[in-house]
Amino acid sequence: MTEDLQEDRRIQKTKQLLADSLSQLMREKEYDAITIQDIVDKANVGRSTFYAHYESKEKLLLNNINFQRELIHFSGNDPQHPMGINLPYLFNHLAEYGSIVKVIHGTPIGYQIAEHFTAIMVSRIVRYYKRKPLPAGMERQLLQYKAEAVAGGIVRMVFCWVMDGTPVPASKMIAQAQELLQGHFLPTNNV
């Protein structure tokens, strides 16, 4: 058992080292110019070690997005986290990593990451309505389409905000995103 725990720690340490190396490289040069060899050289590990954990640098990047853990593991439904979506973390995390967002914006991996965030939010919205009745007049398929549109809009909004250098306070951006979710899905007190 202790041996398994040590191996798990070594694997976690190696994966973190590879992720950190990619992150550092992304601050130094364009994402598309980064090679697997650059990553393993910076991490001081062998190529076989890289491929034992990841099949590509895209998989390395996507599997090490800290945001997804916070979004997926958050539960609850309060005004700050409508439908269990941790909007404050989304905005604050992407603002913190703004330099990386700017490097990947407009690239295939940038689109993959945006799609990844959108898919997580859509799944939270749909999951929310598995436990609750659908809003009046809404069918399941319409819910899916509406969730795609709203989640995609919020993700696009946060990426644009980061690309512009976060000129509006995060609190105002979070409030706008909450308003989008609440306006399209959650009942209001005025009804």
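The values are calculated or read from the model by the stated rules, or taken from the named source; none is laboratory data. The structure displayed is predicted, hence computed values, not measured ones. So basically every Cβ, Gly included, is an ideal-geometry build from the backbone, and we count neighbours across all protein chains shown. For the accessible areas, the whole protein counts, side chains as well, though only heavy atoms, and no ligand, DNA or RNA atoms are used. Shrake-Rupley method; radii C 1.70, N 1.55, O 1.52, S 1.80 Å.
Of the trypsin sites (Lys or Arg not before Pro) in the stretch 108-160, the ones in a loop by DSSP (not H, G, I, E or B) with at most 15 other beta carbons within 10 Å are 131. Among the GluC sites (Glu not before Pro) found in the stretch 124-191, those both in a DSSP coil and sparsely packed, with 16 or fewer other Cβ atoms within 10 Å of their Cβ, are 139.
Here the spin labels are modelled as points 7 Å beyond Cα on the Cα-Cβ line, and at residue 115 and residue 32 they lie 1.7 nm apart. Which shape class applies to the stretch 96-164: rounded if a/c is under 1.5, otherwise prolate when a/b exceeds b/c and oblate if not, where a ≥ b ≥ c are the square roots of the Cα gyration tensor eigenvalues? Since a/c reaches 1.5 and a/b is larger than b/c, the shape of the stretch 96-164 is classed as prolate. In units of the compact-protein estimate 2.2 N^0.38 Å, the stretch 11-64 shows a Cα radius of gyration of 0.97.
At R0 = 41 Å, how high is the FRET efficiency between residue 134 and residue 23 if r is their beta carbon distance? Nearest 0.05 is fine.
Working: r = 41 Å, r/R0 = 1.00.
Step by step, r from the Cβ atoms, then E = 0.50.
Per-residue surface analysis assigns residue 116 an accessible area of about 50 Å², computed on protein heavy atoms at 1.4 Å probe radius. Across the stretch 127-143, rounded Karplus estimates of 3J(HN,Hα) from the backbone phi angles (6.51 cos²θ - 1.76 cosθ + 1.60, θ = phi - 60°) give 4, 4, 7, 6, 9, 10, x, 5, x, 3, x, 9, 9, 4, 5, 5, 4 Hz, Gly and Pro being marked x.
The 1.4 Å probe gives accessible areas that order 111, 54, largest first, as 111, 54.
Filter 29/172; 13/59; 15/102; 57/102; 15/130; 13/57 down to the pairs with a C-alpha to C-alpha distance above 27 Å, please. Listed pairs above 27 Å: 29/172; 15/130. Label-to-label distance for residue 164 and residue 102 is 1.6 nm, based on points extended 7 Å past Cα in the beta-carbon direction.
In order along the stretch 95-100, phi translates into HN-Hα couplings of 5, 4, 9, x, 5, 6 Hz, rounded to whole numbers, per the Karplus curve 6.51 cos²θ - 1.76 cosθ + 1.60 with θ = phi - 60° and x for Gly and Pro.
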